[in-house]
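Structure first, then comments.
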Amino acid sequence: MAIHEKALIEDERLQQHDELVVDGVDVSGHWNTMISPRTVRDYDDDFETKIQGFAGGENVHRCWQCGSCTNSCTMYAQNVQFNPRYWIYLTRLGMKEELVKDKDIIWQCVSCNKCTNICPKDVKPEGVMKALAHWMEEEGITEKAPSTHFDEEFADQIYKTGRIEDGKVMQNFFKKTGQPLVQEWLKVFIFRMMKHLPVKHLMAMGFNTIHTPRTKSWGKTGDVLKNYVREQKEAAHG
Amino acid sequence: MQQDTVLVVGGGPAGLAAAANVNSAGYKAVVVEKEDVLGGAPILSGYAKLVPSGEWAKDAIGRMVKRVEDDANSTVHKGAKVEKLEGEAGNFTATLTNGESVQAGAVVLATGFTHFDSINKPEWGFGTYEDVLTTTQMEQMVASGKIACPSDGRVPERVCILLCVGSRDRQIGREWCSKICCTVSANLAMEIKEISPETDVFIYYMDIRTFGLYEDKFYWKSQEEFKTKFVKARIAEVTASGDGRLLVKGEDTLVKRPIVIPFDIVVHAIGMDPNADNPEISQVFGVGLEKHGFLERAEQYTNTCGTTRKGIYSCGAAYGPETIDDSIAQGAAAGGRAVADLHALVQKAG
Amino acid sequence: MATYAEMQQIFDDIRGDFRYDHELNGCLNCGICTATCPSAQFYDYSPREIVQLLWTENVEQIYDAMQEKIWACAQCMTCAARCPFKNSPGGLVAIMREVAIKHEMQSAKDVLRPFGRVMLKLITTGNQLSPDMIQPDHFPDWGPNIQKVEGDLRILRKAIPVKTLQTVETAWEVSLKTSVEMYTIWEMTGVLKSLELMDENLFDVIEDFIDEKREDYEDWLEEQEEEDDE
Amino acid sequence: MSEQTPGNHNQNGEGAGAGTMKPGYHNTDGQGIAGHGSFFQSTDLSKEDAVKATDWVRKHVDRRTIDLGDRMDDVREHMYELEKDGQIIIHRIEDQHEPISVNTLFGWEKKVPTKQLWHHKSCGQCGNIPGYPTSLLWFMNKFGFEPGKDYLDETDQTSCTAWNYHGSGIGNVESLAAVFLRNFHQSYVSGKQHGHELGHFFPLVHCGTSFGNYKEIRKYLVESAELREKVTKILGKLGRLVDGKLVIPEEIIHYSEWVHVMRNRIASELQTIDVSNIRTTAHVACHYYKMVHEDAVYDPSVLGGNRTAIITSTAQALGAQVIDYSTWYDCCGFGFRHIISEREFTRSFTMDRKIRVAREEANADVMLANDTGCVTTMDKNQWIGKAHNQNFQIPIMAEVQFAALACGADPFKIVQLQWHASPCEDLVEKMGMSWSEAKKTFQEYLKEVEAGNIEYLYNPELAYGGKV
């Protein structure tokens, strides 16, 4: 007695023991299948505020679901599952589970900003999608995007030394994103650069890459800066 | 001589406006109000702040009452109804339930509406659960200055307002839109939030009809400044869970899933029914009712203040769901039209 | 996959049913029906969607819905009791199911195969359920405690203090004349015809049974006459 | 709440009063609805004005009809017209049926016959939960009704066949209408067969789905001349017309409506067991009060008239506690085809939306229902919950079975609880009876049955339409 309407039930809502005996009765397989309901039983009241704490999400509460964003969306034209209006709605009510179901496509926003341009209530849907993508990274729902790794490495070096060393940023960025440290394009790039640079500069670059000198009297500035950024973030996220 | 007198039936915003306009033209107004106070629904039902002015009902309507009561050309009969009306346009005689008789050349029926009784929609929990209220009751709570659950006095974490209660519902014979509930609800959401900032307000809607200038002033403002959440779902049932909280059951038609969400207070945005006395009014005054039970308009474009009987005019919510400000405008127009027609009669006779 | 013309015909048959206008007045997409729908709690099934498909005359998606979705409806009719428009989504589903059978849709055949036992019982006896249909070995998921007193089913049924209920193969005793009248109803209203479209084997079994019962009835009538003559 | 404040206007119990239900608690305070708490501050209205402010709340349930005017169609009006036209014969409820009037959802009056009844059985009940019909017949006997004279139980009837209709789509309106008219014709002429006038016995429908289905079919018959014409042909062939006309009963009456109108007599004349310690929850069949809903019984004194009175009224009359729960309005999960071939849905639904809730929220001792499908679904599907940590159990039975227990009927011989899978033992014990002793007695009785010594509620000869 298979479930005829099986296509109407998500797999994760089916519970079944393939082999099971209860009170001496064999109820293996479909004889014990239970379906868990698909009903939404509560909202997460704090979620909207949380997303508003991320850059781009500030105006999410203004949305009235007209659908202009989705209708104008470049990605929606490719994939009807890509629906900014819907994600904004889910964000407003705090339906995180539904949002997470689309985790693999929300980041695909190409930032054409047609939605932001057309929105009659100034919601900035493009920003909301960025905010959602960042929230998912932060929660570990999705892996960090390469750009996030780059940003982090960049900021780290600033905190430590008050300046960045291009070579080191690149090296660590490749490491964190699992890319080979020596890349063909990089070789060509360095080779060309070397041809035109005075030797003195080249030596200084090599030295700096190894010793990463700090900005003059940087002292505790890095820590202060780091604290300030942290505070700002916390204030924004509530 | 009765051709200088207009009988105004009903002392609500429309009737008061009609009487005032009759007076301002130098004619006499006789106001007959079945309740013991003037002011109509805003006063009788204890409304809080009015849409769109934001003034307290008592102050705003109070001024209208005072204007009529202070006018030497006005006579007011409270606690009385018209029992019988004889004569014709220019020469009516009305017998009142208090034994008095009024001679008037014209009659303005400003008889208003009756609030929808939520008991007619029992699956929405009114009458079963103490924490299910109507907008009218919630207005009174706002007027009292404290938002709390009637059942135990706790401050509600969440309040929801259900739109279209007693409107747009063929099951209970109410096919009309009550026009004002969207705006009133958005306004109420702001009032609740103002008094009780820790309370989240949700409005469950099928569509939002905050027409005209009410759009940004109420709908947008409640959403953008007061963080009211609008959920696209018309609620099917309200029940209570074991912990005493109310459960609101609907389909979120945007998410396309059934929802069962806990709330502390559920507010019915009740609609406007025809005045429960309309069958009687129709008989006493010899005027027709349209198919929903409101008074029938004589003619939409050239005689908007008329009824099916010559010399009898109407205005405001007697014709169908109406806002307070439009009721006042219509009342003024009806008063003006009555006086103008009487003036023409006298000229003709003269 | 059906052609567009076939799908259009299916829709026309649905729309042509005399109940159609009675069950569908319009729709504002409010969602009350789906909110109260037991099936919507568990299936990706929505009476609102069914009504919308019909209301917007979307013949392709109506056809799709008839493959699977219409069978999810539990026919409790809560939707009809609640709809502010006085539609009956459940009633519309009933029409769609009948049309699915009329068009011999494979989905209908698949769905109805396990239901054959009920149809067999119903069409032959006029009862839809009988004591011998719900013995423990039929439905292990109802557990070992399906009867609280051990014993032979026939004896346990005999211990019901009403004669008409002391039956095993039918819910109550139905007189032969009654059964034969019922067979006439099945024939004249096209029920047997529908059954033949759905499940030819079951139809053959039932037809044999009906013939046999009719013969029994004829014999009984003759006996009666003879008795009266005596 | 002594002050008359604006919100506190309805505590005199007039109109909607006595409706306040706290979930999980027994409603004992009888307080009015919509009363606000003591914190509630007065606006500047005087007390009198404040009371008037929401006076409309007190104009109660009956308004459901008044405002609706003729836009709410009463099928009976059309039936009377058809009868006047000479098109149909109405099987009327007359004095010999000793009817009691009740109000329906729109405040319409419905006559419920109490005597001279023709039992129209339910296949699910008889096949599966026979304690239903036996408890009902037992009550009729207890009231001194003489079987065969004051009521009939005949073999000349079929099921309504609506289970198949809703489950499969095989079957159609025409066949349902023909079955309906055939069965009810038999009820109409049965009086004559037993030496009375035509129409002497009035049909009492046992099944919820039959009840809903017959009401719906009656509507279609009244609306559609074409349908009437078609079935007239069939009924003619069966010899089931009277003067060439169709016979349609004036009212469709469900057995639980009979129990409802008899509840006070049951409690005052027959009750022997105090059930005030029993926590009951009600599950009213969808097909009783949702299909053709204007015909379901509502009573202002039961649940404030806000929900159908059936079942609750009986439990209250017996003095049991009635406990609210959040899924009161939900269906049981039966689903017609689902319980046979989509069992995963049925068991999941009934466990999640009914049994778990009645157990966790209401902590009920018993769930009372008024239809076969619901009792079967909720009763049989509890056990499998054990497979997925949902071991919620609660006794399930019909309100008429519970009432019979409260009036001292034997749990086995009359109430036939041996056919139930849910833990009815617990309820019987809590009502002060010994399950094990009753069971022992019954097992002794089974030996008598085997030997052919059967006790009857109803003269077995009469079942075959025999002469008295």
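Only the coordinates and a few stated rules stand behind these numbers; no lab work does. All of these numbers come straight from a predicted model, not from anything done at the bench. Using ideal geometry, Cβ is built from the backbone for each residue, glycine included, and neighbour counts are taken over all protein chains shown.
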> Over the alpha carbons of the stretch C:73-230, what is the largest minus smallest coordinate on each principal axis, giving the biggest first in Å?
Replying inline: 65, 43, 33
> With each label point set 7 Å from Cα along the Cα-Cβ vector, what nm distance links A:Asp156 and B:Asp243?
Replying inline: 4.3
> When a footprinting reagent is the concern and you count Cβ atoms within 10 Å, what order do D:His200, D:His420, C:His103 take, fewest first?
Replying inline: C:His103, D:His200, D:His420
>> Based on the alpha-carbon set only, what is the convex hull volume of the stretch A:47-138 divided per residue, in Å³?
In response: 79
> Cα centroids of the stretch D:166-200 and the stretch C:83-97: how far apart, whole angstrom?
Replying inline: 26
>> Could you list B:Ser222, D:Ser101, B:Ser74 so that the one with the fewest beta carbons within 10 Å of its beta carbon is first and the one with the most is last?
In response: D:Ser101, B:Ser74, B:Ser222
>> Give the separation of the Cα centroids, the stretch D:298-363 to the stretch B:286-303, in Å.
In response: 47
> Under 25 Å from the Cα of B:Lys58, which lysines turn up, not counting those fewer than eight places away in the same chain?
Replying inline: B:Lys34, B:Lys49, B:Lys66, B:Lys78, B:Lys81, B:Lys146, B:Lys179, B:Lys193, B:Lys217, B:Lys221, D:Lys47, D:Lys52
> Among A:Glu184, B:Glu175, which comes first, second and so on when ranked by fewest other beta-carbon atoms within 10 Å?
Replying inline: A:Glu184, B:Glu175
> If only Cα atoms are counted, what is the Rg of the stretch B:118-271, and what is its Dmax, in Å?
Replying inline: 14.3, 43
> Between their Cα atoms, which of C:Lys213/D:Lys237; B:Lys232/B:Lys291; C:Lys163/D:Lys447; D:Lys149/D:Lys219; C:Lys163/D:Lys149 are more than 21 Å away from each other?
Replying inline: B:Lys232/B:Lys291; D:Lys149/D:Lys219
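How much of the pair distance distribution for chain A lies past 21 Å, counting alpha-carbon pairs only, in percent?
Everything past 21 Å amounts to 71 percent.
Which FRET efficiency value, to the nearest 0.05, do you get for D:Glu83 and A:Glu138 by plugging their Cβ-Cβ distance into 1/(1 + (r/R0)^6) with R0 = 51 Å?
Efficiency, from the Cβ-Cβ distance: 0.10.
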>> P(r) for the stretch A:146-237, please, calculated from all Cα pair distances in 10 Å bins and given in %.
In response: 15, 36, 33, 14, 3
> Among all the lysines, which ones have a C-alpha under 23 Å from A:Lys176's C-alpha, if same-chain residues fewer than 8 places away are not counted?
Replying inline: A:Lys103, A:Lys130, A:Lys144, A:Lys160, A:Lys168, A:Lys187, A:Lys226
> Taking D:Lys413 as the anchor, which aspartates and glutamates have their alpha carbon closer than 14 Å to its alpha carbon, excluding any fewer than eight residues away along the same chain?
Replying inline: D:Glu437, D:Glu444, D:Glu448, D:Glu455
> Shielding of D:286-293 by partners, i.e. mean partner chain Cβ atoms within 10 Å per residue?
Replying inline: 5
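What is the average number of partner chain Cβ atoms found within 10 Å of a Cβ in D:127-140?
Across D:127-140, the average partner-chain Cβ count within 10 Å equals 4.
Quick check: convex hull of the Cα atoms in the stretch D:272-450, volume per residue, rounded to a whole Å³?
131
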> In nanometres, what is the gap between the two model label sites at A:Met205 and A:Trp218, each 7 Å from Cα along Cα-to-Cβ?
Replying inline: 2.0
> Say each of B:His343 and C:Gln67 gets a label point 7 Å from the Cα, pointing the same way as Cα to Cβ; how far apart are those two points in nm?
Replying inline: 7.4
> Hey, what's the per residue convex hull volume over the C-alpha atoms of chain B, in cubic angstrom?
Replying inline: 135
> Measuring from the lowest to the highest alpha carbon on each principal axis, how far does the protein assembly as shown reach, largest first, in angstroms?
Replying inline: 133, 106, 65
> Which trypsin sites (Lys or Arg not before Pro) from the stretch C:179-222 combine a DSSP loop assignment with at most 16 other Cβ atoms within 10 Å?
Replying inline: none
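Is the C-alpha gyration tensor of the stretch D:74-249 telling us rounded, prolate or oblate? Criteria: a/c under 1.5 is rounded; beyond that, a/b larger than b/c is prolate, otherwise oblate.
Judged from the Cα gyration tensor, the stretch D:74-249 comes out rounded (a/c under 1.5).
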> Using 15 Å as the cut-off for backbone N distance, which residues of the stretch D:248-281 belong to the label zone defined by a point 7 Å from the Cα of D:Lys219 along Cα→Cβ?
Replying inline: D:252
> Of all GluC sites (Glu not before Pro) in the stretch C:72-167, which ones are in loop regions per DSSP and have a Cβ with at most 10 other Cβ atoms within 10 Å?
Replying inline: C:Glu150
>> At 0.36 nm per residue, and after removing the present C-alpha to C-alpha distance, how many nm does the segment from A:Asn227 to A:Thr177 gain when stretched out fully?
In response: 15.4 nm
> Cα centroid distance between the stretch C:160-230 and the stretch B:108-174, in Å?
Replying inline: 58
> Once the Cβ-Cβ distance between C:Asp229 and A:His17 is put in as r, and R0 is 60 Å, what FRET efficiency do you end up with, to the nearest 0.05?
Replying inline: 0.30
